[in-house]
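Trainee: First the structure, which I've put down as structure tokens, then a few questions once you've had a look.
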Amino acid sequence: MELDYQKYIPKNFPDKSRTWIYQSNRSFTHAEENEIKEFLAEFIVGWNTHGNEVSGFGQLFYNRFIVLMADETKFGVSGCSTDSSVRMIKQIEKKFDVQLLDRLMPALIIDNEVRVMNVPAVKKAFEENSISKNTLYFNNMVLNKKEFCEEWLLTLEEGWLGKKLNLDVQSIKF
């Protein structure tokens, strides 16, 4: 699995560009992926805030994560423009029968593929040594381009998930 996702992010967007990540509860098929990419491209072209065009970016990563980014150096993204992006996400949910707004299901990289698990399952997998402190997970709580590029993929040891689960990653030997 290629982990160098940063190369797909527009270099001309400032580090403080607002970022939203929507994780699907399942992988999209190749056909769905193509439709979603077209849907995102159409949305980005028409995305505006109070009549001004939002300089936006939308991409599907790992067949599961929809990432939206807005360069707010000219115009800040208003509540209405944020609402329009959420409406678009809800349309994708409905069309493809997926969940994109559930923040309680972390996605981890296990055996070189993205797997979504509920929090108790993550804790159990850790306790059973199926995953380790070095297992990568997707930190969908990032807020801007800089955080996305530097903190989207973290190890359990580095991120909030390990702390939330009270994983004693320092004392367990692997």
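Trainee: Restricting attention to the stretch 14-34, which residues are surrounded by fewer than 18 Cβ atoms within 10 Å (Cβ to Cβ), more than 16 Å from the chain's Cα centre (by Cα) and closer than 26 Å to MET105 by Cα?
Mentor: Listed by number, the residues that qualify are THR29, HIS30, ALA31, ASN34.
Trainee: Give the stretch 124-174 a look and list any residue that's among the hydrophobic types (A, V, I, L, M, F, W, C), touching a helix residue (DSSP H, G or I) at 6+ places or on another chain (Cβ under 6 Å) and modelled with pLDDT of 85 or more, or say none.
Mentor: Result: ILE131, VAL142, CYS149, LEU156.
Trainee: Can I ask one more? Considering (1) touching a residue at least 12 places away in the same chain (Cβ under 8 Å); (2) loosely packed, with under 12 Cβ neighbours inside 10 Å, say which one VAL119 fails and leave the rest.
Mentor: Here VAL119 meets the rest and fails (2).
Trainee: Name every residue in the stretch 40-60 that is modelled with pLDDT of 85 or more and surrounded by fewer than 17 Cβ atoms within 10 Å (Cβ to Cβ), in order of residue number.
Mentor: Those that are modelled with pLDDT of 85 or more and surrounded by fewer than 17 Cβ atoms within 10 Å (Cβ to Cβ): ALA41, GLU42, VAL45, GLY46.
Trainee: Further, regarding this structure: When you scan the stretch 103-124, how many residues do you find that are assigned to a strand (DSSP E or B) and acidic (Asp, Glu)?
Mentor: The qualifying residues number 1.
Trainee: To continue, here is another question. Which condition breaks for ASP83 when tested against (1) in a loop (DSSP other than H, G, I, E, B); (2) more than 23 Å from PRO14 (Cβ to Cβ); (3) at pLDDT below 90?
Mentor: It is condition (1) that ASP83 fails.
Trainee: Among the residues of the stretch 20-31, is any farther than 30 Å from GLY162 by Cβ, at pLDDT 95 or above, in a loop (DSSP other than H, G, I, E, B) and not assigned by TED's automatic domain parsing to the domain that holds ASN144?
Mentor: For the stretch 20-31, residues farther than 30 Å from GLY162 by Cβ, at pLDDT 95 or above, in a loop (DSSP other than H, G, I, E, B) and not assigned by TED's automatic domain parsing to the domain that holds ASN144: present.
Trainee: Please verify whether ILE66 is in a helix (DSSP H, G or I) and surrounded by 15 or more Cβ atoms within 10 Å (Cβ to Cβ), treating the condition exactly as stated. Let's see the steps before the verdict.
Mentor: Working: in a helix (DSSP H, G or I): no; surrounded by 15 or more Cβ atoms within 10 Å (Cβ to Cβ): yes.
No.
Trainee: Only one residue in LYS11, LYS37 is surrounded by fewer than 17 Cβ atoms within 10 Å (Cβ to Cβ) and either part of a helix (DSSP H, G or I) or touching a Lys or Arg at 6+ places or on another chain (Cβ under 6 Å) (or both). Which one? Outline the logic, then answer.
Mentor: Details: LYS11 fails: either part of a helix (DSSP H, G or I) or touching a Lys or Arg at 6+ places or on another chain (Cβ under 6 Å) (or both).
Only one candidate qualifies: LYS37.
Trainee: Could we say that LEU100 is of a type in the set (A, V, I, L, M), part of a loop (DSSP other than H, G, I, E, B) and touching a strand residue (DSSP E or B) at 6+ places or on another chain (Cβ under 6 Å) here?
Mentor: yes
Trainee: Got a number for residues in the stretch 113-168 being of a type in the set (Lys, Arg) and farther than 22 Å from LEU100 by Cα?
Mentor: The total comes to 5.
Trainee: Of the conditions (1) in the same structural domain as ARG26 (by TED's automatic domain parsing); (2) within 17 Å of LEU60 (Cβ to Cβ), SER84 satisfies every one except a single condition; which number is it?
Mentor: SER84 satisfies all of (1) in the same structural domain as ARG26 (by TED's automatic domain parsing); (2) within 17 Å of LEU60 (Cβ to Cβ) except (2).
Trainee: Let me ask you something else. What pairs can you find where one residue is in the stretch 85-97 and on the phi < 0 side of the Ramachandran plot, the other is hydrophobic (A, V, I, L, M, F, W, C) and buried (at least 17 other Cβ atoms within 10 Å of the Cβ), and their Cβ atoms are less than 6 Å apart, with a gap of 6+ or different chains?
Mentor: That search, which allows pairs on different chains as well, returns SER85/LEU68; MET88/PHE43; ILE89/LEU100; GLU93/LEU100.
The values are calculated or read from the model by the stated rules, or taken from the named source; none is laboratory data. All figures in this text were calculated on a predicted structure; none of them were measured in a lab. FYI the Cβ positions are ideal-geometry reconstructions off the backbone, even for glycines, and counts take in every protein chain you see.
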